Structures are given as structure tokens and as C-alpha cells.
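Below is one structure, written out as C-alpha cells, with a few remarks after it.
Here, each number is a calculation from the coordinates, and none is a lab measurement. Predicted model only: the values in this text are computed from it and were never measured. All Cβ positions, even for glycine, are placed from backbone atoms using ideal geometry, and neighbour counts span all protein chains on display.
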Amino acid sequence: MRLQIPLIVVLVTGLLLIVTFFIPHEPFGSLEQRFLIWYSIVAGFTMLLGLDSLTRYHLVRIRDKIKGWGFSIVLLLGLFITLGLGFYSWAKYQSPFTLGSPFMFLYTYVIIPLQATMFALLAFFIASAAYRAFRARTTEATLLLVAAVLIMLGRVPLGGWLWHRMVDFADLIPGTHLAGLKNLEIFARINDWIMDIPQTAAKRGIFIGATLGGIVMSIRIILGIERSYISGS
Amino acid sequence: MRISDLKISKISRYYMVLLILGLMVFSISFAQETNIVAPANVRVFDTPNDGGKSLSVDWDLIPADTALNPNFIRYEIYRSGNPSGPFSNVGFILKGSNQYQDQTVLNHKKYYYYVQAAFKDTTAQSAVIGPGISIPQWFNIARINVLLATIILSVLVVWYIERAKKGEKLFIRRIAGIDAIDDAVGRATEMGRPILFSFGLGVITDVVTIAALSILGKIAKKSAEYQTKLLVPNNDPIVMAAAQETVKQSYIEAGRPDMYNENNIPFLTSDQFGYAAGVDGIMLRERPGAVFWQGYFYAESLIMAETGHSIGAIQIAGTTAVTQLPFFIAACDYTLIGEEMYAASCYLNPDPQMLGSLKGEDASKAIIVGIFTIIVIIATAGFLLVKPMPIINKIFETLVSWFTAK
């Protein structure tokens, strides 16, 4: 029974949601929205579960003096100060999200800059990953390198400048009238072609495969064939 | 004789110019005045394919409805339960649009409408039309294409499952990323380092998270057999609870329930970059020997994968997020691309039902490729033969509109 009841719940819910997609008539029409509201309520309560897990994890680290336990003190202080300021702002300003409240001050001047700092690191990580990926060791890596260089030339002002200088150089040959070639912007055109044709085709191929895989996985879950999400299955 | 030959004084010329300008302004305003007409061909009908409580009203745009005409402002919609009134305003639509959906009606009740064109100084009212009756529909006809596709896919899946059950041998190609799991866990064990597994920012309603749970189960079982610590930092509390249960079950199946520690599967934060910072911190402190990125990822993918690379861990990624795949391919040793994530659970648990469903998916893919090929041929022929055989282009347009999801 411990296994059967969850499987029945999943089967009924899955079939109901499929039916609601095709039947707009009440009570089916609004069922999907209702289920989403239920999910939001459950998800809201599970935040308490997360809070409990986070607090216990760091208390254990502090108690056992595990390497880096000082950071755990900072984290717990940050957690409870934010929580405290949130309640204080709620009591004083009727909402913690009121501009000028201590909670919003903390959010604007601590959390947002920290998020921006982490995001900014991405630029350096992209550079190091690109360096490794673009080393021309194999045919595939060489193709990747060539495509990447062409895309970069097509997207930065240097590409346009380079093309104009190349046309100027060709213009030195007597009898050639290559002024119109400048407007051709060959690197920009190559960039557009790579992005619109091979890149889009590959992306759509992956997308179609992933979507079909997701649908079949859902069928497996609804029919109870896939049970990895149920403990003891 | 030219106008310049006429002896007209400068002042007279000035007055003539003024007269011409005045005539022009008069004619423009006269033209706009004549454009003050009411909306024509007003229709009211039950909004198609909905759950009721909605009527649609449409009309032809009036000649004054142009972007350059500041005199015309909007269309106002009036409704009454009786053709003789009284009518009340139920809403308006700005100029340029000719359709309004009234979602404040009751089902099975008659309603009458008129549309009023509102100008700066005046209004023009259409004739009263109706009655319109809202009726909830039992089937969304616009989604018949999706229903057909669902039926074909389900029939194929069930048919292949039945074939597999009868003992037919179904071939699945090897997936390098899944084969490498054992090596990665073994490597971490030999190095005396833990294993790290992350679901990214996926939530439990993402199918890819459920696919990742089955991969976690396999890794947890191996780590329990090898007695290697497994760390699973989480971004979502529900996923954390599911991950804890999966790992616990795997440890029990491996005969090592004593190894299970809930604190190794903690919740970090729901914030995207806070989570990335937390996972990076764990990696730099614990220095795992093997890292698994399985689930749904956003911009944090490369921040985490590059940190994993910097500590020398073997990394196996898998995601359906097309935008993050290049980052994983660049930074990780193995990457499960898109559908391989979903195939992983069948690969790890190759019972007939699992294999059959995978084969059904492949057959559906073959059908889709066939349909694409046919449509591409029709589209190309339609383009090349647009003058002698315009019917081909029409067939193409009909096919595209039928296949387009609504």
C-alpha cells in the first residue's frame, strides 16, 4: 500500500491534467490552475524544511569545528539578521518590501551587489573555458575554433573594420572597383548564416529530442513504470 | 505665359499663399470630418474553445483609424441584456485593434452589443447587434493536433513495451556519460575524496529533475558500496527531500544504511548566485574527486563547472537546457545532451517496460523527421512553383497552420 497509493495519486493527477488540456469546460478548465495553487502552498511550507536543514547543517559544522566553521557563524548571523529585519520592517512599514525599510536596505546594498559579483565572475570563467575548448587538437575542435572566430568577428566592431581594410587593400589593384564590397559586411553575413542555419538546426534538434524524451518520461511516470522519485520502489 | 509674368504685388502673393494653405488645412479637416463613421460589420460570437463566460466582439477598422490621425482615440464596447437598452460600457480597445473579449458575461444568457468609435470631440455608434450567447465547450478543437500526436506517441510506447515484454531484444546504443559514472565514483574513492551531485536550479515539477533523481540513485548506491561520502547541496527544499529519500533508499539497498547522513544533503538557498557561491565553497573546501551536474541549469552552470575543473575533479554533466549545454561540453569530461538525460534511467534499469518506452520515443522521432522532410519538400516546391502551381504553397500553409500549437 505504501507504494500503491502514491502511484494511484500520480496516475489520477497525470490523467486529469492531460484531460484538462483538451477540455475547457468546468470543472476541468480551471483544474490546472488549482493544482498549481496547491503546489505553491506545499512549496511555501517546504521552505520551513529548507530552513531547518540549513540551520542544522551549519550548527553541526560549528559544534564539530569542521574546517571553515567560521563561515557557518557568518551565514547563521546573516540568516537571522535578515529574518529579524524582515519581521521588523513588516511590523513598522506593513510590508518588508517597502522602499526605505531596513529589509530593503539590506536587499539593495548587500544581496544585489553580492549577486552581481557572482554573475560578473562568469566573464572570467567563460574566457578560461573557451581557451580550453578552442585549442585546435582535433578536427571538431578546429571547426569549433574557426566558427567561434568568425562569429566573434561578425559581432564586434573589429570585424567590420578588418573587412573595410581588406577591401581597401584590394582596391589598390588597378582596374578593380570594389567600393560596393564594403557594404557587403562579409563577417556580419557569415555570423548571421552560422547563427540562423547550422546553430538553429542543431538547437532545434536537441530541443525536439529533449521534448519528446520529456513526454515519454511523463508517460512512464504516469503509468508507474518510472518510480525513481518514490522511496522504497 | 507664366505666373511670374503676371504683375502681382508682393503682398498679394503673400495673401495668395495664405489662401492656399488655408484651403489645404480646411480640406484636411474636412476629410477627417468625413471619416467620422461608426464601426461597420460588427459581430458578436461565443469565444471559441473556451470554458464559457466569454463573448467576442469584432468589427472592421474605421477609415479614421490611422496612426497619423490624432482625432480618433479608441473603440468603446457597450452591452445590454436587452436590444433596446439600457447599455453600459464594458470596456474599450485602443485604435488599431478590432476585437474585444468580454469576460464578464454569464453562460446561456443573451447579450446585445454596439461598438462606439470615440473621437476627440464626438462619437460614432454602430448598430446594435446580437444576441450573443456564451456556451462552455467540452472539447478544444484547436488542440486536436496535440491530441492526435499524444495518441500516436502513447500507442507507439505501449506497442514497443508489449514487444519488449514478449522477449524481443531491443538495442540501445551506449551512452558514454552513463558508462563513466562507475569510473568517476571509483576515481573519487581511490583519491579518498567525496563525490558531489547537483540538480542545479530544477524544481520537482521539472521532468528533468526526476530523471536526475534516478541517476542520483545509481551514484548513491555505488558510493555506498565504495564507502565514499556523497554531497548533494540543494536549491529547492522539495528536491532536497526527494534527494534525501533517494540516497537513503540506495544506501539501504547497498546494505550500508549506517553511512547515510542527512547533513550531506542540505538545502543551501533558493537564490541562483547564492547557490552557485555555496556549491563553489563546498567544492573548494571538500575538493570532491567526482562532480555530477544533472538537472536544469541557468547562468550558474559555468561558474560551478569551471570551479569543479579547477580542483581537478572528473565532471559528468547532463541537462536539457540548450543554452547551457555548450558550457558543460567545454568544462566537463562527459555531457548527457538533452534526451540522453531521460534515456539514462532506462539505461540504468533496462527492464522491458523501460526499454520499450525508449524505443517508442525513437519511433516517434522517426515519424517527426519524416513529417519534417515531407513539409520541407512541399515548402521548397511551393516556393519554386509559386506561379504555375500556387496550390502547393496553399498546401504548405495549411499544413503549417494545422501543426502550429494553439
Checklist entry - Using alpha-carbon pairs under 8 Å, 6+ residues apart, how would you state the relative contact order of chain A in percent? => result 18 percent
Checklist entry - Equivalent-ellipsoid semi-axes (√(5λ), Cα gyration tensor) for chain B, whole Å, largest first? => result 65, 30, 26
Item to check | Sites A:Val60 and B:Ile252, calculated FRET efficiency, Cβ-Cβ separation with R0 25 Å, nearest 0.05 | outcome: 0.65
Checklist entry - In degrees, nearest 10, range 0 to 90: what is the angle between the Cα axis of helix A:157-171 and the longest Cα principal axis of chain A? => result 10 degrees
Item to check | Choice from A:Ala147, A:Ala210, A:Ala170 with maximal GNM fluctuation in chain A (Cα, 10 Å cutoff) | outcome: A:Ala170
Checklist entry - Leaving out same-chain residues fewer than 8 places away, which aspartates and glutamates sit with a Cα under 18 Å from that of B:Lys120? => result B:Glu33, B:Asp65, B:Glu76
Next on the checklist: Which three numbers, in whole Å and largest first, are the semi-axes of the equivalent ellipsoid of segment B:46-109 derived from its Cα gyration tensor as √(5λ)?
Outcome noted: 25, 15, 9
Item to check | Over chain B, relative contact order from alpha-carbon pairs under 8 Å, at least 6 apart, % | outcome: 14 percent
Checklist entry - GNM on chain B, C-alpha springs below 10 Å: top fluctuator among B:Leu156, B:Leu61, B:Leu355? => result B:Leu61
Checklist entry - Helix B:207-226 versus the longest principal axis of chain B: what angle, 0 to 90°, nearest 10, using Cα atoms? => result 10 degrees
Checklist entry - Full extension from B:Gln103 to B:Leu18: what is 0.36 nm times the residue separation minus their Cα-Cα distance, to one decimal in nm? => result 25.3 nm
Checklist entry - What distance in nm separates the simple spin-label points at B:Ile374 and B:Ala142, each placed 7 Å from Cα in the Cβ direction? => result 2.5 nm
Checklist outcome for this item: Scattering profile of segment A:67-133 from the Debye formula, Cα beads only, expressed as log10 I(q)/I(0) at q = 0.15, 0.19, 0.29 Å⁻¹, is -0.65, -0.81, -1.11
Checklist entry - Where the only charges are on Cβ atoms (+1 Lys, Arg; -1 Asp, Glu), what is the dipole of chain A about its Cα centre, to the nearest 20 debye? => result 840 debye
Checklist entry - Just A:Gly84, A:Gly180, A:Gly214 to compare: in a GNM of chain A, with alpha carbon springs under 10 Å, which one fluctuates most? => result A:Gly180
Next on the checklist: Quick check: residue separation of A:Leu145 and A:Glu185 times 0.36 nm, minus the Cα distance between them. What number comes out in nm?
Outcome noted: 12.3 nm
Checklist entry - Could you give the nm distance between label points at B:Leu170 and A:Lys203, where each point is 7 Å from its Cα heading toward the beta carbon? => result 3.2 nm
Checklist outcome for this item: Relative to chain A, whose Cα atoms define the longest principal axis, helix A:69-93 and its Cα axis are tilted in degrees, nearest 10, by 80 degrees
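Take every residue in peptide B:336-342, count the Cβ atoms of other chains within 10 Å of its Cβ, and give the average of those counts. Walk me through the numbers on the way to the answer.
On the way: counts 0, 4, 10, 11, 3, 4, 11.
Across B:336-342, the average partner-chain Cβ count within 10 Å equals 6.
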Checklist entry - How big, in percent, is the set of alpha carbon pairs in segment B:143-302 lying more than 18 Å apart? => result 65 percent
Checklist outcome for this item: Of the residues B:Leu385, A:Pro157, A:Pro198, the Cα lying farthest along the dipole of the protein assembly as shown towards its positive end, which is defined by charges on the beta carbon of Lys, Arg, Asp and Glu, belongs to A:Pro157
Checklist entry - About its Cα centre, how strong a charge dipole does chain B have in debye, to the nearest 20, once Lys and Arg get +1 and Asp and Glu get -1 at the Cβ? => result 1300 debye
Checklist entry - For segment B:203-295, what is the relative contact order in percent, using Cα pairs closer than 8 Å and at least 6 residues apart in sequence? => result 33 percent
Next on the checklist: Limiting things to C-alpha atoms, what are the Rg and the maximum Cα-Cα separation (Dmax) for the protein assembly as shown, in angstroms?
Outcome noted: 33.0, 117
Checklist entry - Hey, rough spin-label estimate for A:Ile126 and A:Ile37, points 7 angstrom out along Cα→Cβ, what's it come to in nanometres? => result 4.2 nm
Next on the checklist: Please report the antiparallel percentage of the DSSP beta bridges confined to chain B, to the nearest 5.
Outcome noted: 60 percent
Checklist outcome for this item: Taking the dipole of chain B about the Cα centre (Lys, Arg +1; Asp, Glu -1; charges at Cβ), the one of B:Leu156, B:Ala180, B:Gly338 that reaches farthest to the positive side is B:Leu156
Checklist entry - Per the Kirkwood definition applied to all pairs of different Cα atoms, how many angstroms is the hydrodynamic radius of segment B:269-378? => result 16.0 Å
Checklist outcome for this item: Here the percent of antiparallel bridges among DSSP beta bridges lying wholly in the protein assembly as shown, to the nearest 5, is 60 percent
